[in-house]
Structures are given as C-alpha cells and as structure tokens.
Amino acid sequence: MGSSKTPFLSIEDARVTHLGREIFQNLNFVMLEGQSWAILGNSGMEMTAFLDTLQGKTTLRNGKVSRDFAVSYQEQKRQEGEIYSFRDLISFVSQKYEFRNKSNLQDFYYQQRFNASESEEALTVESFLLSRKSGLPGKWDLHSVLPLLRLDTLKDKSLIKLSNGETRRLSLAAALIKNPRLLLLDQPMTGLDVASRKEFGNWLAEITHSGIQVIMTTRAGEIPGSVTHVGVLENGKFRHLMKSQDFHGVDFNKDSHQEEVFERLAVLIKDYPLPEFRELVSMKDVRIRYGEKVILDQFSWVLRQGERWALKGPNGAGKSTLLSLIFGENPQAYANNIVLFDKKRGSGESIWDVKKPTGFVAAELSRYFPKSQSCLQVVLSGYFDTIGLFRKASPEQIAQASAWLEVWGLGHIADTGFHRVSLENQRFCLLARAMIKSPSLLILDEATQGMDEAQADLFRDSVDWIALHTPISMIYVSHYDSDIPS
C-alpha cells in the first residue's frame, strides 16, 4: 500500500511522564495513511512507553497527540449517541500477555500447565478467540486468523498448554479479530522460533494489505519487508525518522557500567559454595504424553557437573516440558526413569530437594508472581523456591537480596511493584532471584526475551561472567544464537 499525504497519527513537541518519571522530551512523530513503522531503541522501556503514549496510557505534560484515524469514527458514534473511544480502533499486542480461566480469574500458577487434569480450567484456543469482543467489520475473524498464524492445529489445545511462541501467535490472532485501524506490536518476534520469525514478514504483509496500519517495536536486524518507515528512539526523543530503504543500521551506546556490574558480582559470588554431584540430570527412555499427544518419546540425556548446554528447537518441540522435569514441576517425572542431583525421582525426595540446587529464569515466569509483590520480595522468594514471598525473611537475607539488586543498579526499584517495572528489569530481578541461593544448576529459558539490545547484551555478559568465575552448570534456551553466552 502506497503512502499518501493524508495524516493518520501525529505527536507534536510532547513531554511525557510514565510511572512517575519523565520519559520523553520534545517528542515528535508523524505517520501518514498507508505507512507502517518499525520503532528501534536502546531502551525497551522507552519503546514500550512510546506505544503506551499512542494509546493514551501515559501522562502528557506538554504538546499534543493527534489521532486523525479516529476522527470520523468518533463523530459517527457521537451522532448515534453511543459510548466511544479512539481505543476502539487500536489493538495492542503486549509482551505481558495474560489469559484467564473459565471463571474469568487470572489465577493460573506456573506448575498448572504441566498438570493435565487442571487444563480443563482453561479455555481452548478456539473458545478463547470466540470469546473476544468482535470489533469493526473486516477481513479478520476466527476462520481467517487460525490458518494465517498456524493455530488451526492448536484450536482444541488448552491455553495453559501452549508454548511461549504459540501464546504469542494467539495474542496476535486475538488482536486481529478486532479489525483495528492501528495495530501496535511490542517486540512481536520475541519468543518465536526461526521458522516463525521468517513467516512473520508474510503475516505482516497480509495484515497491512488488509488495510490495517502497524507500528511495531523490534530489533534492528528484524525489520519486516512490508514496513515502510523506521524510527530510532534514544534518550527521550527520536534520533532518526526515515524511510525503511534509507535505514542501514544503528549503533547504540553500550552500557558504560559493565565493569561495575562485574565488580559487584565478584563480591557476591566469592567462595562460591558447590556441593558435589555425580550427575545433575540423568534421563533414560523418558516418555511424556498428554492424552494422545506425545511430547517426549524415548528421550535420554545426561548432564554432568560443570557442563553448560544450549537447548534449541522450534516452538512446541518440548523444551519447556523437558525443563519442567528438571526443576520438579511435572508430575509425570515420577513415572519415568529420572535422576536429579543423584536422587531418583520417586525415591522419597521432596520437591524442595529438587528445587534447592536449581536456579530458574524464564520469560514467562514473570506473569505468575502476585500483583502485590515488590521487586525485593521477588528476589527474596528465591530463598524459598516459591513464586512470591510468603514468609518473613531475615535481616541478612534482605541485605543479600538488596545487594543482588544493586549488582545491576536496581536498588531504586526494590520497593516498586514487580509488575510495574520494565520487562528488562524484571529479567534482572529473576536472575538475582535465581542466583541468591548459589545454585548448582542455572536454567535460563528465553531469559532475554523482550529486552532491548543493550540490556540483552548486559544480561548475556553477566551470565558469561558468572560462568567464567564459578563452577555452576547451565542450560540456556534461546531461539537467537546471538543471545547464547559464549
């Protein structure tokens, strides 16, 4: 679709605050009819806040946001005497997706996805999409989104059984069914496997061809061909605004505090305690199935102390199921030949015996912590292997948790609600939570998902430093080779 001179959306000289801090100064942006934009930046928080500003979810101190695409719709609704908002014409695919059970309560817990008997509490893919409020008339409905996003084979699958990448495709499908004028996507390719990332360009081309305009945040190396323009955010304003064919990459300032991070890490992991185990993980002919669906079949694997493994595979291949057997969340472990930390599952060990030597960081883990928990409480919960803090911590434990937050300069968010901080800060909190108990095995499952490039680099380099200076064993899952520590 070609670009005309008709305005679609604009921001003029805006000063914007978000979560109590000023995030944009003199922000200017113009989008015309027919355009689609990729927004890059060295701060994931800034990129997400930009999309929030377009939705009216931030505070505008000065300047103006004009949503020209909504003017005629709002006038029509006004004349008809109906309640309306410009948001009726916007769909937003966030990185913080959450789904509710059949009682309309968002009370899933992390282990629940691995308990087959409890999947009945969740909607299926098809029933979830049918429950979505229909939007404007348009091309997209259940029958068109299912094949586009390869969800037709998953339509009868419970939501809590979906892999991270499958969940992201479902979120996009739910957004399309609204048939919005404007589709906002916050780093939509995170969590997608290599094949899905290649397909994403085709999906976006079909979406834009249907008349929906798109603004997406993304990485510099992942700009789809159907995107017409690129904007580069840095330090509270747009550094560049250009046609996509004129964009040839961008260099962001690297984190200048890396050496300070390493110095603080050195203090916390000095004399790293490490019990000796003959085998951390041993699986022989493991078979995991849900109904007729076999996830792992005759699977054997041994992980010995000191080894660091990269775990790869497409969305839905069974990576999360495999990890669930290792950190004690999957009840089918008892029916299989699995040894963890030299103890056979089902031989009298407790779930806490399994969890204590293991640190775990996962992109999806964030959404299971109670809304009331602060960042400090999340870190402290690592001592007790619970998803949230539910007992009193000692002064020594609080001091240690505070010190771990300070490693990455996050002391100022200690008392801030975990769900109110940026995704990248949540990931560092989860890494602190995993490391606070000096684990023998550190499992990182898509841990940098949703981070901007600078923060992903700092996270990877921090993990690299930990690996270099401790005998810790690791399993690292990522769809991006560049995210895997050396």
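The values are calculated or read from the model by the stated rules, or taken from the named source; none is laboratory data. The structure presented is a predicted model; accordingly, all values stated were derived computationally and were not measured. As a convention, Cβ positions derive from the backbone with ideal geometry for all residues, glycine included, and neighbour counts pool all protein chains shown. For the accessible areas, the whole protein counts, side chains as well, though only heavy atoms, and no ligand, DNA or RNA atoms are used. Shrake-Rupley method; radii C 1.70, N 1.55, O 1.52, S 1.80 Å.
Taking only C-alpha pairs under 8 Å that are 6+ residues apart, what is the relative contact order of the chain in percent? Present the calculation step by step, with values, prior to reporting the outcome.
On the way: 862 pairs, mean separation 76.2, N = 486.
Relative contact order comes out at 16 percent.
Under a point spin-label approximation (7 Å from Cα along Cα-to-Cβ), what is the VAL302-VAL71 distance to one decimal in nm?
The answer from the label model is 7.2 nm.
Take the alpha-carbon centre of the range 142-201, take the same for the range 58-91, and report the distance between them in whole Å.
Between the Cα centres of the range 142-201 and the range 58-91 lies a distance of 27 Å.
Roughly how many whole Å is it from the C-alpha centroid of the range 235-313 to that of the range 419-486?
After rounding, the separation between the Cα centres reads 5 Å.
Just how much of THR217 is accessible, in Å², when a 1.4 Å probe is used and the result is rounded to the nearest 10?
0 Å²
At most 12 other Cβ atoms within 10 Å and a DSSP loop assignment: could you name the trypsin sites (Lys or Arg not before Pro) in the range 129-181 that fit? Could you put the intermediate results ahead of the total?
Values: sites: ARG132, LYS133, LYS139, ARG150, LYS155, LYS157, LYS161, ARG168, ARG169, LYS178, ARG181; in loops: ARG132, LYS133, LYS139, ARG150, LYS155, LYS157, LYS178, ARG181.
Answer in residue order: LYS133.
Of SER72, HIS240, ALA456, which is farthest on the positive side of the dipole of the chain, counting Cα position, with +1 on Lys and Arg Cβ, -1 on Asp and Glu Cβ, and the Cα centre as origin?
SER72
Obtain the nm distance between the two label points defined at LYS139 and VAL194 by a simple spin-label model: each point lies 7 Å from its Cα along the Cα-to-C-beta direction.
With each label placed 7 Å out from Cα toward Cβ, I get 3.0 nm.
Have a look at the range 224-300 and give its Rg and Dmax from the Cα atoms, expressed in angstrom.
According to the Cα coordinates of the range 224-300, Rg and Dmax are 24.9, 58 Å.
Hey, got a sec? Which GluC sites (Glu not before Pro) in the range 211-287 land in a DSSP loop and have at most 11 other Cβ atoms within 10 Å? Show your work: numbers first, answer last.
Details: sites: GLU222, GLU234, GLU259, GLU260, GLU263, GLU276, GLU279; in loops: GLU222, GLU276, GLU279.
Those that pass, being in a loop and sparsely packed, are GLU276.
Quick one: give the max-minus-min coordinate of the C-alpha atoms of the chain along each principal axis, largest first, in Å.
Taking the Cα atoms of the chain, the three principal extents are 71, 52, 42 Å.
Using a 1.4 Å probe and ignoring any ligands, DNA or RNA, find the accessible area of GLU22 and quote it in Å² to the nearest 10.
80 Å²
Report in % the part of the accessible area of the chain that belongs to carbon and sulfur, leaving out ligands and nucleic acids; probe 1.4 Å. Don't skip to the answer; put the middle values down first.
Working: 10290 of 21070 Å².
Looking at the chain in its full context, I get 49 percent from C and S.
Please compute the Kirkwood hydrodynamic radius of the range 318-474 from all pairs of different C-alpha atoms, in Å with one decimal. Don't skip to the end; give the middle numbers.
Values: mean 1/r = 0.0619 Å⁻¹.
About 16.2 Å, per the Kirkwood formula over Cα pairs.
Just need the relative contact order of the range 292-363 here, percent rounded to a whole number, with Cα pairs under 8 Å and 6+ apart. List each step's numbers first, then the result.
On the way: 31 pairs, mean separation 15.4, N = 72.
Answer for the range 292-363 is 21 percent.
Using just the helices of the chain, give the 222 nm mean residue ellipticity in deg cm²/dmol: DSSP H runs with n ≥ 4 each add -39,500 (n - 2.57), and the total is spread over all residues, rounded to 500. Mind showing how you got there, number by number?
Working: 13 runs with 138 residues, N = 486.
Calculated at 222 nm, the ellipticity per residue is -8500 deg cm²/dmol.
Starting from the range 227-300, pick out the trypsin sites (Lys or Arg not before Pro) whose DSSP state is loop and whose Cβ has at most 15 other Cβ atoms within 10 Å. Don't skip to the end; give the middle numbers.
Numbers: sites: LYS237, ARG239, LYS243, LYS254, ARG264, LYS270, ARG278, LYS284, ARG287, ARG289, LYS293; in loops: LYS254, LYS270, ARG278.
Answer in residue order: LYS254, LYS270, ARG278.
When ligands, DNA and RNA are left out and all protein chains stay put, how many square angstrom of accessible area per residue does the chain have with a 1.4 Å probe?
Details: 21070 Å² over 486 residues.
Value returned for the chain: 43 Å² of accessible area per residue.
So how much accessible area does HIS209 have, in Å² to the nearest 10, using a 1.4 Å probe?
150 Å²
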